[in-house]
1. Can you list residues whose amide H is under 5 Å from V175's amide H, if they're 5+ apart or on another chain and H is modeled 1.01 Å from N?
2. May I have the extent of the alpha carbons of the range 40-99 along their three principal axes, as whole Å values ordered from largest to smallest?
3. Using the Cβ atoms and a cut-off under 14 Å, what net charge is assigned to the surroundings of K30, where Lys and Arg are +1 and Asp and Glu are -1?
4. In whole Hz, with x marking every Gly and Pro, tabulate ³J(HN,Hα) for the range 195-205 from phi via Karplus 6.51 cos²θ - 1.76 cosθ + 1.60, θ = phi - 60°.
5. Have a look at the range 78-145 and give its Rg and Dmax from the Cα atoms, expressed in angstrom.
6. As a test of the definition: which semi-axes, in Å, follow for the range 124-254 when you take the square root of five times each eigenvalue of its alpha carbon gyration tensor? Largest first, please.
7. Pull up the DSSP beta bridges for the chain and report the antiparallel fraction as a percent, rounded to 5.
8. What relative contact order, as a whole-number percentage, does the range 115-269 give when Cα pairs under 8 Å and 6 or more residues apart are counted?
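No value in this document is a laboratory result; all are computed from the given coordinates. Since this is a predicted model, take the numbers as computed values, not measurements. Using ideal geometry, Cβ is built from the backbone for each residue, glycine included, and neighbour counts are taken over all protein chains shown.
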Amino acid sequence: MVVGEIKTLILGAGGMLGKELSKVFPDAIKFTRSELDITDEAQVLRTIEKIKPDVVINAAAYTNVDGCEDEKELAFKVNGSALEYLARGCSNAGAILVHYSTDYVFNGSRKEYFESDETDPINIYGQSKLLGEKNIIENMKDYRIIRTSWLFGLQGKNFVETMFRLSEDMGTVRVVNDQFGKPTYAADLALKTGEIIKLSPGIYHITNEGTCSWYEFAKAIIGNVAPCTTDEFPRKAKRPKYSVLVNTKTKPMRHWKEALKAYLEERST
């Protein structure tokens with residue numbers, strides 16, 4: 001299958017990842033959140049039936065981890081129930097569904113996680129994303145679920161931009177040093193998606209290589225940063241201590257430090 005010759009539909013095209021996907025798939029049909037509400041079952045099924053895409057790439061999600069604790073119902077609609085509609089629509093149309101999930105489907109009790117490991121989310125965001133995974137698997141066969149983590153990129157809210165903002169506003173920025181994962185550059189993930197489409201159905205762990213703590217990640221971005229513990233910096237949603245995703249199915253992407261350097265260079269142009 002050649003990506004350039006298939007009809008591709010991108011949902012959530014206005015978000016950080018969606019904008020990067022639009023660059024990788026310039027001929028795709030694109031819908032932003034305001035143009036297509038994935039929680040509207042009738043609209044989803046009607047749109048997919050009308051367009052008859054070969055591939056649907058869903059980058060629409062509710063990703064505010066702490067916000068999900070306050071808006072549980074909305075989180076489960078966007079990240080969970082909506083995926084049943086998308087899966088049924090894609091199944092009816094004979095389309096591949098590519099969907100992005102998260103490292104937060106795991107509880108963080110192990111230092112690394114493989115695609116086949118048992119899930120056990122400890123916050124609403126992770127629970128809602130896991131429901132989305134289950135709804136896809138139960139309603140179609142030709143899917144690609146891409147679990148990723150710590151996403152950063154241009155044209156969107158992310159950890160890197162938060163660090164720059166806090167660095168300007170505060171003398172010292174305190175960042176937790178006891179939560180570990182893999183930062184992922186949205187541009188790299190979008191490029192990798194083109195490869196995943198051609199592979200067998202299933203779950204894929206796709207991140208940039210290299211493991212770090214949030215503090216180590218912050219230290220690579222700004223100078224005025226100091227470490228603290230999770231207990232010293234409580235958040236509304238509980239975070240897994242370890243959420244390192246192991247990619248066993250594809251060629252590894254570049255190290256997160258190399259990806260961060262590319263991001264910062266592009267950001268400054």
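1. Answer set, sorted by chain and number: A226, C228.
2. Principal-axis extents of the range 40-99 (Cα, largest first): 36, 20, 13 Å.
3. Working: positive: K7, K19, K23, R33; negative: E20, D27, E35.
With Lys, Arg at +1 and Asp, Glu at -1, the neighbours total +1.
4. The phi angles translate into 6, 4, 4, 7, 8, 5, x, x, 9, 10, 9 Hz.
5. 12.5, 40
6. Numbers: eigenvalues 182, 58, 33 Å².
Value: 30, 17, 13 Å, ordered largest first.
7. Working: 2 of 32 bridges.
Counting DSSP beta bridges with both partners in the chain, the antiparallel share is about 5 percent.
8. Values: 223 pairs, mean separation 49.5, N = 155.
The value is 32 percent.
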